[in-house]
1. Starting from the Cα of B:K9, draw a straight line to each of the lysines and keep only those under 23 Å, dropping any in the same chain fewer than 8 residues away.
2. Mind checking which aspartates and glutamates have their C-alpha under 20 Å from A:K502, skipping anything on the same chain fewer than 8 residues away?
3. Mind listing the phi-derived Karplus ³J(HN,Hα) values for segment A:128-137, rounded to whole Hz, using 6.51, -1.76 and 1.60 with θ = phi - 60°, and x for any glycine or proline?
4. About its Cα centre, how strong a charge dipole does the protein assembly as shown have in debye, to the nearest 20, once Lys and Arg get +1 and Asp and Glu get -1 at the Cβ?
5. Starting from the amide H of A:L149, placed 1.01 Å from N in the peptide plane, find each other amide H under 5 Å away whose residue is 5 or more places distant or on another chain.
6. Would you mind checking the tilt of helix A:610-623 against the longest principal axis of the Cα atoms of chain A, expressed as 0 to 90 degrees and rounded to 10?
7. For a quick check: with amide H placed at 1.01 Å from N, whose amide H comes under 5 Å from A:T639's, ignoring anything fewer than 5 positions away on the same chain?
8. I need the phi-derived Karplus couplings for segment A:199-206: 6.51 cos²θ - 1.76 cosθ + 1.60, θ = phi - 60°, integer Hz, Gly and Pro marked x.
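Bear in mind these aren't lab numbers, they're just calculated from the coordinates by the rules spelled out. Quick caveat, the model's predicted, so the values are computed rather than measured. Note that each Cβ is placed from the backbone with ideal geometry, even for glycine, and that neighbours are counted across all protein chains shown.
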Amino acid sequence: MGKSINVSLIGNPNTGKTSLFNRLTGLNQQVGNYPGITVEKKEGVCKIDRSLKAHILDLPGTYSLNTTSIDESIVVETLLNRNSKDFPDVAVVVSDIENLKRNLLVFTQIKDLEIPTILVINMADRMERKAISLDIDLMQKELNTSVVLVSARKNQGIDELKKAIANYKQLTTEPCMNASVIDTEYFNTLRNTYPNQLVYKLWLVITQDVNFGKLDRNRDIEDLKKHKFDIKSEADLKKMQHKETVVRYQFINGLLKKVLTVDKVNAKDLRSRLDRILLHKVWGYLIFFFILLLIFQAIYDWSTYPMDWIDGTFASISSWINSTFPAGPFTDLFAEGIIPGLGGIVIFIPQIAFLFLFIAILEESGYMSRVVFLMDHIMKRFGLSGKSVVPLVSGTACAIPAVMATRNIEDWKERLITILVVPFTTCSARLPVYLIIIALVIPDERILGGAFNMQGLTLMLLYLLGFGAAIFSAWVLNKVLPIKRKAFFVMEMPAYKLPMFKNVAITVIEKTKSFVVGAGKIIMAISIVLWILASYGVGDQFNGAEQIVTEKYASQNLSQEELDQKIASHELEYSFIGYIGKGIEPAVRPLGYDWKIGIAIVSSFAAREVFVGTLATIYSVESDGEEEQTIKNRMAAETNPILGGPLFNFASGISLLLFYAFAMQCMSTLAIVKRETNSWKWPAIQFLFMTAAAYFAALGAFQILK
Amino acid sequence: MSNTIAHLKRGETAIIKEFDEIDVPLKLLEMGCLPGNRVTMMQSAPFKDPIYLDINGTHLAIRRETAVKISVERHG
């Protein structure tokens, strides 16, 4: 295969940049991270023609090259660093026909960096309906670029875009306007001091506060920052940036007057009609509440079928391995350690996929911004921003992307509080624990005329509890934290769109895959360690278990099967893990748990979803794995050694649910919080606060209900 | 000031006048909030805050505390 070039996709949020990226790369894409920071890096490969391959980078959405967040500084960083392996051979600026004016701002800035640039005008299929016409030839001439009309949604113009990319060598790098008129003298000084550097690049380095991460710059530029910054005061620079924006808009307005005609504006369009209902002071909130209710009911009801199937399948695989392969430690490791442990995570794929599906649809359709708008005033009272709603809702999938989603909250205090309370929301890792406990202790009955399932409602209550805990702690933190607010809040309200199947599908597949692979690795490792600890031990009680148990029950006439069961339990009790568990037991007994649950809780401090896998592994070792049993049946069969009756009863079940609702049991989240807040102080506070809340809530619940 | 964006009634349109750079974030300028541009009050959220504007075709939401800093000129 021939040459490969770098193409960067740049553009405002909501221009369909990601749809275009998906069109160009299909499933031929991967999501990683930029080195050292947690910004998602989306790249993919596109075959341009027979001899040319394009490596396409989907840069985070940005309104300009003036950065206010870590995501935006990535864009600037990529475009400034000519030595980076990601530096584009050609930049594709994606704009949307209805917001052309605003979208062109960042285009004019990129042109000033003298990078070969193509302007894509997306959603061109709306031109006719909106009575918009455009003089493309004149536009190409005025902007010194090629302009391509595209509809990513309708799959139009993609070939033309590829053709334009293939001809990238013919693109001129000449800017389309002169922004240095805002202060000619100042820019001339810059030009004369650094004759080898692009003057606009120097300007960006001077004005951008890009020390969010570790950013490599060449020494020349370090020098510039240090010595030349004080030519102008901060306030002067800010004034100049405002002026620059005004000058760029003057150019754009002048251009659009010449090339763009809009015959009539349809005022009563879909947007205003939908907004009237969705932002209504009563209907707006009711609709939001019912959408949430629908999501939780759906997660609970629809995913039961694939989950039962997966649970059964894994139980069959275990017993198949046991009966097919010769007995021995290796077979045991698979049948009792790895397979049940993996089953504990695979079983939750349907629910996690559903959750990601709903969140993707809410984001894609433009509805999420409406929720932000509706909630801002309420959230502000608790020290949060309306934009905190997005992290809080996406926190129901996973706290890690949720913590990252706080980056577009402008105010540091609002952002910090959001980061600290987001882990209270019910993430998908809690779901496994909730579902299995709910199935065990809450009756499967319908109430309110059969409309709602009790178990589904309990799940909804747990989600509300998570939100409640988050909001309450935010209120406390807002009172306690001695940080001054200097908030401003600006949010685009995008047009409503029908979510594109391809975008939603790719999001769901990518996110679910990375969740399962990420969690799968931890669970696999923990399962193996647990199995070893549970299968081996030292001392007479462990090694002589068979003899001790046989003598103890000699008078009771037990069947061989019952006797085997007793022996296995005795062995487990005196295995390594038994000793560890007994050590923990005094701490967890007041909460209604036995030592096995204690082990499961301790191991789930690595990640919550390990809980079910851990119990599955422990019970599986105990039952010798010969008969086929699902995880749920095994848990239902456990009895409380002290109080008698089922171990998982209403009181201990509620206690466990509360413990998992509040406890900070996720190392990855703590790591992300450390990165985003740049200190260990906040994750440490978060961990102690949440875990203490969990312990006392669980203690209280069990002692009252037992 | 009683002639600011915050004082516009629902559906009312006005022209943005000068404002102080210190009070208005650059991001808002980038989204088209510039002197001379047209601004329409689309609606305000329940509890009157934030407010939903159409500035020169861009739909955006800002808080009332920012809106009171931007003065406008109303047409008769």
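1. The qualifying lysines are A:K268, A:K281, B:K17, B:K48, B:K69.
2. Partners within reach: A:E40, A:E43, A:D58, A:D96, A:D125, A:D159, A:E363, A:E364, A:E510.
3. Couplings: 5, 4, 8, 6, 10, 10, 9, 8, 5, 4 Hz.
4. Using Cβ point charges on Lys, Arg, Asp and Glu, the protein assembly as shown gives about 3240 debye.
5. For A:L149, the qualifying residues are A:I121.
6. Approximately 30 degrees, to the nearest ten.
7. For A:T639, the qualifying residues are A:L647.
8. 5, 6, 4, 4, 4, 5, 5, 5
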